Structures are given as structure tokens and as C-alpha cells.
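The values are calculated or read from the model by the stated rules, or taken from the named source; none is laboratory data. Remember, predicted model here, so these are calculated numbers, not experimental data. Note that each Cβ is placed from the backbone with ideal geometry, even for glycine, and that neighbours are counted across all protein chains shown.
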Amino acid sequence: MKAFLCASICLLAAWVVHLIGWRLRRPRHHTAALLLIFLVVPAAAIGLVLAAGWSLRIPPTDLPGMALFYLGAVGCYLIVYAGVEETSPSLVVIRALERAGSAGCRREELAALVDDDSFVRPRIAALQRDGLVALEAAGGRLTPAGRRAARAAVALAAILNIHDRA
């Protein structure tokens, strides 16, 4: 239980640093900043424990489990953060249907809500900001980091049996 609490406290501390950092000034490269925060906070916590001479009395055999819990929770958080960082088309449709009540919405009304200006351009700008896409006069291309991310996404889609409808 002590191992779980320590890993959870590190996770909470990293989230608080993230919250404070974003309140003060949102970084230009969100993903890189989040990764840095979620890596530095537990490292700083370990350094603090060692420097202060504290003994948490956590068996070394619990350390891999702590690390896996922390990394899994961070991965889940990063996925959720990416989903709420920009407005989701699904969320826009659901909100419109909720506002419409029992009258509902016509397909054309819903289609008008999901346009390039609201969804495609901001996402391309975010990909460019994160260094995954390079825009050129003729269009865009993946950077080396973008190619690695694309390969990882394709592999995950294959593992999850998700097929592209295009």
C-alpha cells in the first residue's frame, strides 16, 4: 500500500505542477512540457527523499510495480489531455444535440458545426507546433518525429483492430 501511495503522490504532485504551470503560462510545446513535468517530478521526489535521508521502507521488489503504475497513469493522462486540449467534434455534436432537446438536429445542422476552421486547421497547427508536421507551399509533410508518431499510431490501430475507412 505504501508503494501505491508514493506513486500516487508523485502523480498528484506532477499534475499540480502541470496545473500551476498552465495557469501561469501555457508552453508552446504542450506534449514535450508535459513529458518533462511527469519525468522531472518523480526524479525530484526521489532526489528529495535521498537528500533528506528519509527511509520510506519500500522493498526494492515494489519499485517496478510503482514505475509501471506511474507510467501507465501518466500515459492515460496524456491521452485524456490530448482529447480535451482541443475541442472534440464528437463533443460539439453531443452539445448541439443536448441543446436541441427532444426536437433534435438535422444532419446539415450538425455538419455545419464540424468544419475545417474549427477542427482541421487547429489540429494541423498543433501538429506543426509539436514538430510532427512541416507545412510547405504545396501542403504538408511529416517530420522524422511525425513519421515515428504515425508508425506508432498505425501499430496501435492494428493491435486494436481499428481500420481506416478511407
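Of all residues in region 127-162, those that are surrounded by 12 or more Cβ atoms within 10 Å (Cβ to Cβ) and either over 18 Å from the mean Cα position of the chain (by Cα) or free of Cβ contacts under 8 Å to residues at least 60 places away in the same chain (or both) total 17.
Would you say residue 33 is outside the structural domain of residue 123 (by TED's automatic domain parsing) and loosely packed, with under 15 Cβ neighbours inside 10 Å? Considered against the rule, which asks whether it is outside the structural domain of residue 123 (by TED's automatic domain parsing) and loosely packed, with under 15 Cβ neighbours inside 10 Å, residue 33 comes out as no. If you go through region 74-112 and keep only what is touching a Cys at 6+ places or on another chain (Cβ under 9 Å) and either surrounded by 11 or more Cβ atoms within 10 Å (Cβ to Cβ) or part of a loop (DSSP other than H, G, I, E, B) (or both), you end up with 93, 96, 97. Restricting attention to region 34-45, does a residue exist that is within 17 Å of residue 10 (Cβ to Cβ) and at pLDDT below 90? Yes, that holds for at least one residue. Taking region 18-72 as the range and being closer than 16 Å to residue 85 by Cβ, of a type outside the set (D, E, K, R) and not in a helix (DSSP H, G or I) as the test, the residues that pass are 27, 29. Screening 70, 81 for residues that are of a type in the set (Phe, Trp, Tyr) and modelled with pLDDT under 90 leaves exactly one candidate, 81.
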